[in-house]
Amino acid sequence: MLGLNIFVLLKPSEELYRDIYVYSFILPSLGRISERWEYGYTLGRVFAVLYFSEKPLDLNEIAQQVGCSVSSVSLQLGRLG
């Protein structure tokens, strides 16, 4: 029982694998692309969170997923609008 893989207990789904891929690869990549085009790293990450979200998100949820403050997310949403 000690050597049991935690993923066997969790029974990972396609959504879990998609979330891991999005948060470990897509968000940082879109952040770097956005930064390269002089829009800023955070703007790219906010866009990616909104684009890949399956439901509407409020500022607190976006800030938590992006890893920055609510005020920063609010400024970036203004730039996207």
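The values are calculated or read from the model by the stated rules, or taken from the named source; none is laboratory data. Here the structure is a predicted model, which is why all the values come from computation and not from measurement. All Cβ positions, even for glycine, are placed from backbone atoms using ideal geometry, and neighbour counts span all protein chains on display.
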Among the residues of the range 8-22, is there at least one that is polar (S, T, N, Q) and at pLDDT 85 or above?
no
Got a number for residues in the range 65-81 being surrounded by 20 or more Cβ atoms within 10 Å (Cβ to Cβ) and within 9 Å of the chain's Cα centre (by Cα)?
2
When you go through Ile62, Ile26 one by one, which is the residue that is touching a Phe, Trp or Tyr at 6+ places or on another chain (Cβ under 9 Å), crowded, with 16+ Cβ neighbours inside 10 Å and part of a helix (DSSP H, G or I)?
Ile26
Of all residues in the range 29-42, which are farther than 17 Å from Cys68 by Cβ, among the charged types (D, E, K, R) and in a helix (DSSP H, G or I)?
Arg36
Taking the range 43-59 as the region of interest, how many residues are among the charged types (D, E, K, R) and in a helix (DSSP H, G or I)?
1
Using beta carbons and a limit of 6 Å, which pairs, at least six apart or on different chains, have the first residue in the range 24-39 and under 18 Å from Val73 (Cβ atoms) and without any contact (Cβ under 8 Å) to a residue 24 or more places away in the chain and the second one surrounded by 14 or more Cβ atoms within 10 Å (Cβ to Cβ) and basic (Lys, Arg)?
Gly31/Arg45
Pairs please, first residue from the range 68-81 and within 13 Å of Val49 (Cβ to Cβ) and modelled with pLDDT under 95, second anywhere and part of a helix (DSSP H, G or I) and among the aromatic types (Phe, Trp, Tyr), Cβ atoms under 7 Å, 6+ apart in sequence or on different chains.
Leu80/Phe47
